[in-house]
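Take a look at the structure below.
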Amino acid sequence: MPVITFDGLLISPIILFLAIAAILTIITNLAIPKIIHRYTNLKLSWFNLALFICYLGLSMLLIGN
């Protein structure tokens, strides 16, 4: 995977993956908070962490190739 540069500053691709995962986690929490709370018995913070890790892995799998 190529390294992204902005005016000579090298940006690691992991920054992009972390940003995508964070944005998808926020969108999920804004879109369906009551459905998430109804079907899981997890605390919301643990569920958010699990969602973030799943989205991070998915973005690395899809974009990283």
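Values quoted throughout were computed directly from the atomic coordinates according to the rules given, and no laboratory measurement underlies them. Here the structure is a predicted model, which means the values were calculated and not measured.
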Q) How much length is gained on full extension from residue 16 to residue 45, taking 0.36 nm per residue of separation minus their Cα-Cα distance? A) 8.2 nm
Q) Once the piece of chain linking residue 31 and residue 61 is laid out straight, how much longer is it, given 0.36 nm per residue of separation minus the C-alpha distance between them? A) 8.4 nm
Q: Convert each backbone phi in region 54-61 into a coupling constant with the Karplus relation 6.51 cos²θ - 1.76 cosθ + 1.60 (shift: θ = phi - 60°), then list the ³J(HN,Hα) values in order as whole Hz, x for Gly and Pro.
A: 5, 5, 5, x, 5, 5, 5, 5
